[in-house]
Amino acid sequence: MKNKFLLLGIALAALSSCKTASPLQVTEVQTRKNISINNELKNDEEFVKVIEPYKQKLDNEMNQKISYTAVDLNKQGDNSNLGNLLADYTFDGAEEWAKKNLSKDVDAALINIGGIRTSIGKGDILLKSVFEVMPFENEVIIVKMKGSDLQGLFDYYAKTQVNNPVSHLYIETNDGQLTKSLINGKTINPDQEYYIATSDYLALGGDNMKFFSKGEMIPTGIKLRDLFIDYFKKTPEVNPNSDIRLNFIGKKQ
């Protein structure tokens with residue numbers, strides 16, 4: 001009972017203070033000079049001295065050569081050499097993990113072209129090149145799906161005609177209609193379970209890939225960028241595949 005009276009007293013006091021509160025006062029507004037951030041802005045010399053050793057260490061690390069390419073690696077087109085290469089790396093890394101941890105084989109892989117942010121020019125491939133290509137912290141996910149549910153994947157490509165890179169997949173359309181769909185060169189068995197490697201972004205429905213929701217997501221703990229770096233380091237000279245995997249016949253440009 002005492003608590004009820006106490007709460008009532010607090011409520012009345014609050015209402016009373018609201019009624020007697022002094023009116024709002026508008027203080028004088030003073031304009032301040034904008035500081036333009038350009039080459040004329042001087043560095044904080046003390047701060048520069050503090051970070052310089054760390055900057056040099058980071059620059060040395062990022063500028064280290066991890067591989068080499070005799071051709072430009074670009075992301076343009078339905079079967080770009082960089083897209084195919086990174087899709088293959090995704091497949092290979094997921095396959096290695098699945099054999100060790102699931103005693104299973106990965107059947108195919110797909111990634112999104114929007115996650116590949118830039119191209120790599122011919123010559124030395126530096127560590128920073130991979131960070132520029134893949135600045136995101138996406139993880140490799142393996143999605144276990146029934147063959148009958150994979151129809152959604154093929155319908156997605158037929159409808160969107162988007163050049164999201166694939167590995168161990170062949171998708172052919174004619175005027176937007178699906179005409180052929182293969183995994184490892186074979187037609188899909190609707191009763192078979194397939195293991196598809198992708199990114200967590202896509203597995204969760206990114207780029208409107210809702211078909212993955214019908215499968216079981218298996219996290220690997222592997223960051224896509226780390227996987228790419230490892231495979232570049234394992235390959236002194238990159239020889240990307242430019243085979244036809246997405247064949248959109250009659251695609252409107």
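The residues listed here are N189, N164; of these, the one that is in a loop (DSSP other than H, G, I, E, B) and either open to solvent by less than 10 Å² (accessible area, probe 1.4 Å) or closer than 15 Å to A87 by Cα (or both) is N164.
Go through the stretch 137-161 and give me each residue that's touching a Pro at 6+ places or on another chain (Cβ under 8 Å) and in a helix (DSSP H, G or I). Answer for the stretch 137-161, where residues must be touching a Pro at 6+ places or on another chain (Cβ under 8 Å) and in a helix (DSSP H, G or I): G147, S148.
Working only within the stretch 195-205, note down all residues that are open to solvent by 10 Å² or more (accessible area, probe 1.4 Å), touching a Phe, Trp or Tyr at 6+ places or on another chain (Cβ under 9 Å) and within 18 Å of F154 (Cβ to Cβ). Working first, answer last.
Within the stretch 195-205, the first condition is being open to solvent by 10 Å² or more (accessible area, probe 1.4 Å), and the residues that meet it are 195, 200-201, 204-205.
Cutting the leftovers down to touching a Phe, Trp or Tyr at 6+ places or on another chain (Cβ under 9 Å) gives us 201, 204-205.
The answer is G205, and nothing else.
Candidates in the stretch 206-241 are the residues that are of a type in the set (S, T, Y) and surrounded by 15 or more Cβ atoms within 10 Å (Cβ to Cβ); of these, the one that is nearest to M145 (Cα to Cα) is T220. Look at (1) touching a residue at least 12 places away in the same chain (Cβ under 8 Å); (2) under 22 Å from the mean Cα position of the chain (by Cα) and you find that T235 fails only one, number (2). On the stretch given as the stretch 115-136, residues that are farther than 15 Å from D59 by Cβ, of a type in the set (A, V, I, L, M) and assigned to a strand (DSSP E or B) total 2. Looking at D107, D88, D78, can you tell me which residue is touching a residue at least 24 places away in the same chain (Cβ under 8 Å) and open to solvent by 40 Å² or more (accessible area, probe 1.4 Å)? Result: D78 is the single residue among D107, D88, D78 that is touching a residue at least 24 places away in the same chain (Cβ under 8 Å) and open to solvent by 40 Å² or more (accessible area, probe 1.4 Å). Scanning the stretch 195-212 for residues that are more than 11 Å from the chain's Cα centre (by Cα) and either acidic (D, E) or closer than 16 Å to N163 by Cα (or both) gives N208, M209.
Condition (residue is touching a Leu at 6+ places or on another chain (Cβ under 7 Å), at pLDDT 95 or above and more than 30 Å from K55 (Cα to Cα)) applied to the stretch 120-133: is it met by at least one residue? No, the conditions are met nowhere in the stretch 120-133. Looking only at residues that are among the β-branched types (V, I, T) and surrounded by fewer than 10 Cβ atoms within 10 Å (Cβ to Cβ) in the stretch 29-49, which one is modelled with the lowest pLDDT? Filtering first and then ranking leaves V29.
The values are calculated or read from the model by the stated rules, or taken from the named source; none is laboratory data. Keep in mind the model is a prediction, meaning the values are calculated, not measured. Glycine also receives a Cβ, built like all others from the backbone with ideal geometry; neighbour counts cover every protein chain displayed. Ligands, DNA and RNA are excluded from the accessible area calculation, which covers all protein heavy atoms including side chains. Shrake-Rupley method; radii C 1.70, N 1.55, O 1.52, S 1.80 Å.
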